[in-house]
Structure formats: structure tokens, C-alpha cells
Amino acid sequence: MKYQPVIGLEVHVQLLTDTKIFCGCSTKFGSEPNSQTCPVCLGLPGALPVLNKKVVEFAIKAGLSTNCSITPRSIFARKNYFYPDLPKGYQISQFEDPICQWGWLDIKVDDGETKRIRITRIHMEEDAGKLVHGELSGRDDGSGVDLNRACTPLLEVVSEPDLRSSDEAVSYLKQLHQIVTWLGICDGNMEEGSFRCDANVSVMPVGSSTFGTRAEIKNVNSFKFVKQAIEYEIQRQIDLIEDGGTVVQETRLFDPNSGTTRSMRSKEEAHDYRYFPDPDLVPLVISDQWVERSRRELPELPEQRQQRFMNELGLPLYDAEVLTASRALADYFEAGVAAGGNAKTVGNWIMGEITRALNDTGTPIESCPVSPGQLAELLQLIDNSTISGKIAKTVFDEMWKSGKAPQTIVEDQGLVQVSDSGAIESIINGIMAANAGQVEDYRGGKEKVFGFFVGQVMKASKGKANPAVVNELLLNKLKG
Amino acid sequence: MNIFDMTIHALHAALKGKRVSSVEATTAMLERISSVEPQVGSFITVTPEQALAAAAAADQRIARGDCDLLTGIPLAIKDIFLTEGVRTTCGSRILDNFIPPYSATSWEMLRGCGAVLLGKLNQDEFAMGSSNESSAYGTTRNPWNTDYIPGGSSGGSAAAVAASEAVATLGTDTGGSIRQPASHCGCVGLKPTYGRVSRYGVIAYASSLDQVGPLTRDVADCATMLGAIAGHDHKDSTSVDTPVPDYSSSLTHGVKGLKIGLPKEYFISGLDADVQVAMDAAIETYRRLGAEFVDVSLPHTDYAVATYYLIATAEASSNLARYDGVRFGHRAEAEGLLEMYTKSRSEGFGVEVKRRIMLGTYALSSGYYDAYYVKAQKVRTLIMNDFTTAFADVDVMLTPVAPTAAFKIGEKVNDPLQMYLSDIFTIPVNLAGTCAMSLPAGFSAAGLPIGLQLIGKPFGEETILQAGYAFEQATEWHTRKATI
Amino acid sequence: MKISVADVEHAASLARLELTSEEKELFAGQIGAILDYVEKLKELDTEGIVPTSHAVPMENAFREDIVQPSIGVARSLANAPEREGSFFAVPKVIE
């Protein structure tokens, strides 16, 4: 039998606020355990939560960028369960009436077509602390609790089960990742858990309209692992059914080392979270004016920008896509064009030399040592024949290293292109005299040696001879 | 007059006139506490050193000419208020060793005025009770007759005022926990409108119902205390940002033309005869003072106790989840995490707390949420609407605080439902979120105080204080002292 | 409403309480009696009634995203029943 996988994703997006969602403690990563805590995030008796307004603003931005409706009156609820990393014995989250509902993203699928993936809801909640096992001095029988992360703001983005393959899941996830980082509401760091994903996976016979029982896979913290985990889980479920078994609804943990998933709990009773509205917090009322203000403040989103790069700057689709991979990259490109660079050439340089240098040095585009203005100046020097394209690469390397302006480098190192035909002619004369045999060969019809002569002339001029002038003069001279 | 019998206003005049120092007043209070505590048991923790240090600081402040009404006044507060560096138990064994790293906003405000903290007062465990019998630190006794309960849950707060162990106190009121003990101990107790006083740093029982308020010897003191603690607190999302009136300056406005409602559901056949007599006398007094009476109806009164016990216990079951032995409080010896949780909580909580956690957990659990919790929230709406409708016709309402005077220790301890039903006249006010005050209005045949409840409109504290003051001026119930 | 000992045990396990068999019996009876009493709410037609979570209408209480000082590791851990370095220490999870 053939099976159809059905996948829905729940993505946790850690928000880039300075403080926690319900208290003023810093959200800085990597500090001494429990150094960023206060009565509120420690869950001390008597402490009360107060909502960070920026979290709401970020949530609205995320909602508007994923085509959601913003709920005019949303509330916070308590999700009750005991765990040492959950100080109050409940997590403040949203249950009924989340802040954003009924959105969608259009993802690209194999054949260049797009497919609409519905987003059920986006809600705000607090993160739990961290439980550290087996790293405590002098004890191997317990765990340490660090509450620095407790109360850090999260958005949970829940999709409908509209995804039908691991590739679609990755495509959706990448697009969502691009949007939240583009908006500047999340650093997108998957390794540190700033963007993490749980996948609900089930399979059903092809042609069926009834979904199979789903398993929820947790702890998938890279795009590669998402693909691996989903594929493993699909195959596991198919094998199970083929062998006459049944899939049970459960939570499974992905193990990146083995690429497999395993059941997280068996004996533990079914959860009963006893959600109810948190009486310590008041309803969140978002007016139409607030929504419109947020909409106006939204940056141009990746897709809109791609369209503009194609329509206004004449870029091909591929270039437009690559150059909008991140907002910083797109900004760099546009700054280069604004500084006078030709769009196609600036794009090529960014996709070529700059990307290579960034990758080689592990530098993010935000700290690129060559500014967009300097790149445009460099391209100008090629355009007005001051230097050749080849020399430009040398100049670029020097700009990267020293941060100097291209004009300065060209002048300091005497790299100005030689276009004076008299000077080039005397070089050619010398070379022809020294290589009489090759001259004979050429004249005898062996035109391939033309390249040899070009190379010799460029070498003798240290690359500075204008290639067009060299070609023209050589051709005339060799013909005799 | 003994220093320890003075009101805030009398002691303030003495302090300001340099006839007595705060250190002298505080010493007198501490001596009084030592002498009557064995019989009353109002305190869980007495803090003599801190009190005397604070009194000395207050004396310096007064010497500089900076003498607020509360500067140098020795107060005590319910052990539900967090006090930085001073043990805070909430009447529970689970917090026996808890020393808070911060203080409740309401106490901070009193401290800022220069008030002196004598100690922390006994209460029902986690404010769950109507008799103070659920405290892990012994039952506080009624200073008027020590065989009787002082009421609860702020029983220590009421008994300390009645036994002259503090000039005034703070309590909290979730379903009557200020008004009922004030009534039983013959003092003035006010539950402000929800949101009027910050709940920050007050250990939560039922967050949508809890409210902080004063217990005092008379209405003028009550107005002073309320004025000192009321106001918006940015640390409490449910505190309200409306201006705080000068409660003291309008006290003498009188009740001429005031429309007082008598809700018929509160004057029922089961009402104790002594209570009925006291109510009739109070109505007569107000009539004489020029108030008009209007019959009103609060038709859903009979559903209030059921509504309250579902909402309060549901919220409590969640509020008390943080007592897990991980970060503070009692931790039991145990094998593994699960056992650490269950043993710590089972050893730490008393039976009434467990009962309410169980009921609340049940009411919120899967399959019952709509039938119990949501239903109760809807009935709460009906109860609120009752008050809105009644207040369209009247300025305040007058009712008994409790159906009877204080009952004997042990009398209702084995019948929780009967205990819950004794709060029938106070609970609706918390559900409606409005304000109400208890003030002395008579005595039972057994010589126990009977209280009168004045219910005000939301943020109508000024009006009930005026009405209470007028009554007090016309009667002398508040001048009687327990002879302990 | 009849509350069984099993119902009591389920609620106790959700609430992380360990009850003696006497307590279970006692609570089954008392909670049953209280639930019988609250049955009276069913007499009321609440169709279309909006549930109240706060009696005083309130909305939108915010704080700005500005860092406030934390209380420090020492004070955070001061009441810890058991600590290990800068961590709260807890026993391990036994499956």
C-alpha cells in the first residue's frame, strides 16, 4: 500500500526582547545560573506578572507577516503541571483566544509552484528554566535548576496539518525562520534553541481523507534534523502498520546522534493541564488603530522585496531570491545599488566574491568589512576602465583585509590599467621578437597560440594592460 | 488611658505633642503582647528588636518635624504579607522557614509613612478558613471570650486590635476574611474594591477575589489606614489607576438623604435573634440620622457560596502549586522527584488546604471545567449584575456581616460545608468586586460582638466610611473593650 | 454527587498530594457533599451569559521592555532547601 504523510508543525520562537515577558529581568544568554531572577520569575509567594508590551508588539508583527487575524481581545491562561524548571507549577500561556489566528504562508514546492500552508494560531507564552543533569559537583543523583531562562518570551506558531512531506515541512520552516529573523523579533539561532520545532507526524493510505494517529516529535533543532526526524518517523509508522501494528498517540524524542525517534514516556498518566484564565493578568485589547500602526511599521517583507528587485531592478528570479535570503543581505544589495552600482553587477559580486569571503571567514553580512559604498566604487573603477575585472578581484581582497577605499589601493599599488597603445605596442614588439617561432606558428594558421601572446603581454604588464587594447593590437601585429 | 488602648489618631496627637515617644508606645505594646498573648495567640511572629529600631527611627523623624499620621504608630500585619527579612508563614508549616527577599507593596507603603511593625499575625492557613482553626500555629482565641473563635481568616488581625496588641492591623479578605473576624471581635474592618490596594507581595489564595484592607478601633483610623495603602501599583496588573480620595476629610459629611438599601435576601428567617435585634437598632439609628431606607433585592444571593467555592478553590489549586519544595519552603526527605513533591506538599499543607486544593483541582479537571468553573464564572456575572441593579437605586446597602456572633472553637471544624455557609453575607461582595465594611453594632446575649456590614458601590469607600463614621458618632459600641 | 476514592486519587495525583486512606475516604465524602451543594448552580439558566474573571473591568496593563536589576544569586537561593553551587538542587526523576 502507498501512504500519505500528514505533518503539522509547532514552532517556538524566542523573542529578542531585552527583558522577560512578565518581569524586568534580563534575557541575556549565558550568565551565571540564577543570576537573572527576581521574585516573579522565581515564582516566589506573592509575586505577580506584568506583561512586557514589546512582546505584544512582536506578536502582532509576526501575525501580520503571516497573514493572521489579530484577536481584538485575547487573554492569558495558566497551564498547570509540575516540573522543577517551571517555578510556579503552571506556565502562563494562551489557550482560548490567542493573539493571532487564521494565517497562512505560501511555500515553494518542487515544481516551482507554491502551496498554501494554513497557520492555526500564534500565541504568547513564557519559557521554562533549564534543568542541568549530571554536571553538578559531588552528586550524580540529582539535577540543578537554573531559572535564568524562566519567563523568557516565546511565540508558539502552530500550523494546520497541511504539510505532506519532509521537504514541505523544511520549506515552511525556512520561510517562517526567514520572516521572524527578517522582522528582527528572533535571532533565529536554532542551536541555542531560539527557534525550535515540534513536529506532529501521521500517515494514512493514499486517497484516504481520515488522518492517522499522530506522534509528536520534540527536540528537533536544525533544518537537517527536521527532515531526518520526519522521514524516520514516517517510515517507522509505515513499517509499524505494515507489520500489523498500530500507531499510538505519544510524544517522541528525536535523537540527532542516531537519527531516530524514541518514545518519551510510557507510564506517566495522560496530562490534564487544567487550563483556566490567569486571574493575575487582565485581558489584552488590541484596537484596529494599534493593528494599523503595526502594519505601517512593518518592514518590506522578503517576498515583496523579491518582487521589487525583479520588477524595478530587473533581477532574474534566482538572484532576487538569493539576495533576499536575509534582510541584512537585501539591505546591503540595495545600498550598493543606491551608491551607483549596476544592479545585476552588484548582485553578481555579492553572490560571488562577497559571499565567498563571508563564508571563508565566517563573517555575517552585517559586519562585512567592505561597505556597499566601497563595493560600488570598485565597480565604478571597472566601468570607467581604470582597472580590469581581474585586477578588481585583487583590489577587493585588499579592501577586505585593510578596509581601504578601492581608489586608494589602486593608486598606492600602481594598479591603474594601461590603455596607452604606444606602451602596449612596445611590450608586444618585445614579446614577438623573443618568440619568433610562435609568431610563425600563428601565421601558419595555428590560431590557438593567440592566447599565449595575450598571457605574455598581461604578465609583462603585471596585469595592468587593458585587455581590449591588447587584443586589438596583437591581432593587427600578428597578422603582420 | 493606656497607650495600648489608643487609636491611631490619639497616639498620633500624643507623638506629635511629644507627650510620648514611639519607643515608649512600642514598648508598651510589646509588654501588652507579652501579657495577653498566652490567652489570645494573635501572633505567629513578634519582632521586638526590629520594632524598637523602627520606633527609634520614627522618633528621630518626628524630632525633625516630619510626623505623618502613621509615623511611629505600632502596627501588626497578617502573616500573609511578605516582609523582607522577617519570617512569613501564611499560617502554614510549608513556609515555616521562609524569609522573604522582598516586601509586599501595602506594607512598604505603611513603612514609608514611618509605621512600626510589631510582628506577624495569626491566620487560617493560606487564608482558607472562617475561624482561624486551620492555622498551623494554633488557634487564635476571641479576646471577648477565649472559648470562642475570633473569626477568620484574618483572625489574628482582628483579635490583636480587640486585645490591644496593636493599634491597627492589616488583613486580607477573599470571602469575608476581614469583615467576619472584625465583626466577631468588635472592631472596624474594611474590604476595599478589588484593585484599590495592591496585591503584590500578598500570598495569593484566590487571585480574582483577594483584597487587602485595614482592621482598626474606629472608622477614622480605618480611613487613615486605607488612605495610606490605596493606590495604583505597577507591579500588580489588577490594581486600578484611579485617584485615591482623601477619605479622612469627608468623614463628617453625615448621612442625611443617604439612600440605604436593605437586600431582602440578607434578612432571612435563619438569622440569629441577637443579630436581628442589632440590625433593627442600626436601621433605627440611621433613620434618626436622616437616612432613607429602600428595599432592594440581590436575587442570586443563594448561589454565592457555591459560586465562591468553585472559583476560589480552582484558583487556589493553581496558586498553591508553587509550594513544591524546590526553591523555598518545606522539603521532605524523599526518593526521587515525584516523591519529593508529594511528600513535601502532604507534610506541609494542613487538611483544610488539602481539601480546597482537591476541590479546585477536581473543578478544573478535564470533563468538569465547563460544568463547574465556567458555570461558576457565569453565575458570578449574574451576582455582579444583582449589585449593579440594586445600586442603581441606593448609595449603600446595610446587612449583617454574619448570621450569628462568633461560634465556639471546634464547633464547625468537622463540617466544612456548614463552615462555608457562615460566610453567606460576605462572599457576594467579593464576587461582585465591590467594597464593604464591618463595624461594631451590638452584642449577643453571650456578650460577643455583632457587626454591621455597609456595602458600597465599586470605589465607593468614601461613602461607606462616611456612613460608618456617622453611625459610630451616634453609638458607643466601638468604645467597649474586651476585658482580657 | 458520588465521588469515588479513585476520583480522589486522580485529583490528588494531579495536585501532587499523597493522602492516607482515611483522608481519601474523608475527602470523598466531604467533596461529594460540597459538589452536591454546588449542583444548585444548575438551576440557573446561564445561556448567553458572559463569564466573569474580574469583577472590576480592566484591560491592558503593560510594562516597558526596560531591564530592572535582578535580586542576585545569593538572595534568589537564600531559601533553597538544597543548593549546588548557583543551582537549586532537586532529586532525580525516577520513571
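Taking Cβ atoms as reference points and 11 Å as the exclusive limit, the residues near C:VAL73 contribute a net charge of 0, counting Lys and Arg as +1 and Asp and Glu as -1. Counting Cβ atoms of other protein chains within 10 Å of each residue's Cβ and taking the mean over peptide B:377-387 gives 5. When only alpha carbons are used to place a centre, the range B:256-281 and the range B:64-142 end up 34 Å from one another. Taken one residue at a time, the phi angles of the range B:211-223 give Karplus couplings (6.51, -1.76, 1.60, θ = phi - 60°) of 8, 8, x, x, 10, 9, 7, 8, 5, 4, 4, 4, 4 Hz. Gly and Pro are set to x. In straight-distance terms, cross-link reach from C:LYS40 covers every one of the aspartates and glutamates whose alpha-carbon lies under 13 Å from its own, apart from those fewer than eight places away in the same chain; here that gives B:ASP302. For the range B:371-469, go through all pairs of different Cα atoms, get the mean of 1/r, take its inverse, and jot down that Kirkwood value in Å. With all distinct Cα pairs of the range B:371-469 included, I get 15.1 Å. Residue-wise HN-Hα couplings along the range B:303-314, as the Karplus relation 6.51 cos²θ - 1.76 cosθ + 1.60 with θ = phi - 60° gives them from phi, are 9, 5, 5, 4, 4, 4, 5, 6, 5, 5, 6, 4 Hz; Gly and Pro carry x. Between chain B and chain C, the total buried accessible area stands at approximately 5200 Å², from heavy atoms with a 1.4 Å probe.
Under a 5 Å amide H cut-off, with hydrogens placed 1.01 Å from N, B:SER42 pairs with nothing among residues at least 5 apart or on other chains. Put simply, the amide H of B:LYS259, placed in the peptide plane, has neighbours under 5 Å in B:GLU292, B:ASP395, B:VAL396, leaving out anything fewer than 5 places away on its chain.
What does the buried accessible surface come to for A and C, summed over both chains, with the probe at 1.4 Å? Round to 100 Å².
Working: alone 23980 and 9420 Å², together 29770 Å².
In total, this chain pair buries about 3600 Å².
Excluding same-chain residues fewer than 8 positions from A:LYS28, which lysines have a Cα within less than 24 Å of its Cα? Output for A:LYS28: A:LYS20, A:LYS53, A:LYS54, A:LYS61, A:LYS88, A:LYS130, B:LYS235. Sort the range A:421-479 into rounded, prolate or oblate with this rule: let a ≥ b ≥ c be the square roots of the eigenvalues of the Cα gyration tensor; rounded if a/c is under 1.5, and if a/c is not under 1.5, prolate when a/b is larger than b/c, oblate otherwise. Prolate. Amide H neighbours of A:ILE217 under 5 Å, counting only residues 5+ apart in sequence or on other chains, H built in-plane at 1.01 Å? Here A:ALA199, A:ASN200, A:VAL201, A:ARG252 satisfy the definition.
With the simple spin-label model, which puts each label point 7 Å out from Cα in the Cβ direction, the B:ASN385 to B:SER249 separation comes to 4.0 nm.
As a calculated quantity, the FRET efficiency between A:SER419 and A:GLN289 at R0 = 60 Å, using C-beta atoms, amounts to about 0.45.
Calculate the FRET efficiency for A:ASP111 and A:VAL248 from the Cβ-Cβ distance with a Förster distance of 45 Å, rounded to the nearest 0.05.
Numbers: r = 36 Å, r/R0 = 0.79.
FRET efficiency, A:ASP111 to A:VAL248: 0.80.
Going by a ≥ b ≥ c, the root eigenvalues of the Cα gyration tensor, does the range A:299-354 fall in the rounded group (a/c under 1.5), the prolate group (a/b larger than b/c) or the oblate group? If you can, show how the numbers build up before the last one.
Working: a/c = 1.37, a/b = 1.30, b/c = 1.05.
Rounded, since a/c falls under 1.5.
For A:LYS404, the solvent-accessible surface with a 1.4 Å probe is about 90 Å², rounded to the nearest 10. Using only alpha carbons, the range B:432-484 has a radius of gyration to Kirkwood radius ratio (Rg to Rh) of 1.05. Could you tell me the relative contact order of the range A:421-479? Use alpha-carbon pairs under 8 Å, at least six residues apart, and round to a whole percent. Rounded, it is 42 percent for the range A:421-479. In terms of packing, defined here as the mean over residues of other Cβ atoms within 10 angstrom, the peptides B:416-423, B:437-444, B:366-373, A:173-180 line up highest first as B:437-444, A:173-180, B:416-423, B:366-373. For chain A, the ratio of Cα radius of gyration to the globular rule of thumb 2.2 N^0.38 Å stands at 1.32. In the range A:118-184, the inverse of the mean reciprocal separation of distinct Cα atoms equals 15.0 Å; this is its Kirkwood hydrodynamic radius.
The Cβ shell under 10 Å around B:GLY329 holds other residues with a net charge of +3, Lys and Arg each +1, Asp and Glu each -1.
Taken per residue, the accessible surface of chain B reaches 29 Å², heavy atoms only and a 1.4 Å probe. Taking the Cα atoms of chain C, the ratio Rg/Rh between the radius of gyration and the Kirkwood radius comes to 1.16. How far is the Cα center of the range B:169-187 from the Cα center of the range B:1-33, in Å? A separation of 24 Å, based on Cα centres.
Of the accessible area of the protein assembly as shown, with the probe set at 1.4 angstrom, what percent is carbon plus sulfur?
Carbon plus sulfur share of accessible area: 50 percent.
Angle of helix C:21-38 to the longest C-alpha principal axis of chain C, folded into 0 to 90 degrees and rounded to 10: 60°. In order along the range B:261-267, the Karplus-derived 3J(HN,Hα) couplings, from 6.51 cos²θ - 1.76 cosθ + 1.60 at θ = phi - 60°, round to x, 10, x, 5, 5, 8, 10 Hz, and Gly and Pro are given as x. Using a cut-off of 9 Å between beta-carbons, work out the net charge of the residues near A:VAL11 (Lys and Arg +1, Asp and Glu -1, A:VAL11 not included). Here the charged neighbours net out to -2.
Given a Förster radius of 56 Å and the C-beta distance between A:HIS271 and B:SER34 as r, what FRET efficiency does 1/(1 + (r/R0)^6) yield to the nearest 0.05?
On the way: r = 53 Å, r/R0 = 0.94.
After rounding, the FRET efficiency stands at 0.60.
Per-residue shielding of B:333-342, expressed as the average number of other chain Cβ atoms within 10 Å of the residue Cβ, stands at 6. Label zone (B:ALA57, point 7 Å along Cα-to-C-beta; backbone nitrogen cut-off 17 Å) within the range B:98-121: B:100-120.
With each label modelled as a point 7 angstrom along the Cα→C-beta vector, the B:ARG287-A:ASN384 pair spans 10.6 nm.
Excluding ligands, DNA and RNA, what is the solvent-accessible area per residue of the range A:1-160 at a probe of 1.4 Å, expressed in Å²?
Values: 5330 Å² over 160 residues.
With all protein chains present, the range A:1-160 gives 33 Å² per residue.
Can you give me the Rg/Rh ratio for the protein assembly as shown, using Cα atoms for both radii and the Kirkwood formula for Rh? Rg divided by Rh gives 1.13.
With Cα atoms as the point set, the radius of gyration and Dmax of the range B:275-363 evaluate to 22.6, 70 Å. With the largest listed first and rounded to whole Å, the semi-axes of the equivalent ellipsoid of the range B:307-461 from the Cα gyration tensor are 35, 22, 14.
If every alpha-carbon in the range A:300-412 counts as one equal scatterer, what log10 I(q)/I(0) does Debye give at q = 0.14 1/Å? Once normalised to I(0) and log-transformed, intensities are -0.53. Put a dot 7 Å past the Cα of C:MET1, heading toward its Cβ, do the same for A:LEU298, and the two dots end up 4.6 nm apart. Heavy-atom accessible area, probed at 1.4 angstrom with all protein chains present, ranks A:SER258, A:SER326 as A:SER258, A:SER326, highest first. Summary of packing: across the peptides B:461-473, A:74-86, B:116-128, B:239-251, the per-residue average of other C-beta atoms within 10 Å ranks them, highest first, as B:116-128, B:461-473, A:74-86, B:239-251.
Peptide packing for B:316-324, A:2-10, B:394-402, C:2-10 was compared via the average number of neighbouring C-beta atoms within 10 Å per residue; ordered from the highest value, the list is B:316-324, B:394-402, A:2-10, C:2-10. Counting Cβ atoms of other protein chains within 10 Å of each residue's Cβ and taking the mean over peptide B:409-416 gives 1. Were the residues from A:ARG262 through A:GLU321 laid out at 0.36 nm apart, the gain over their Cα-Cα distance would be 17.5 nm.
For chain B, what is the relative contact order in percent, using Cα pairs closer than 8 Å and at least 6 residues apart in sequence? Walk me through the numbers on the way to the answer.
Working: 1187 pairs, mean separation 84.4, N = 484.
Reported as a whole number, the value is 17 percent.
Take every Cα pair under 8 Å in chain A that's 6+ residues apart, average their separations, divide by the length, and report that relative contact order as a whole percent.
Details: 829 pairs, mean separation 65.6, N = 480.
Once divided by the residue count of chain A, the mean separation gives 14 percent.
Seen from all directions on average, the range A:3-290 presents a Cα convex hull projection of 17.1 nm².
The values are calculated or read from the model by the stated rules, or taken from the named source; none is laboratory data. The shown structure was predicted, so the numbers you read here are calculated from the model rather than taken from an experiment. Cβ coordinates were reconstructed from backbone atoms using ideal geometry, including for glycine residues, and neighbour counts include every protein chain displayed. Quick note on the areas: whole protein, heavy atoms, side chains included, nothing else; ligands and nucleic acids left out. Shrake-Rupley method; radii C 1.70, N 1.55, O 1.52, S 1.80 Å.
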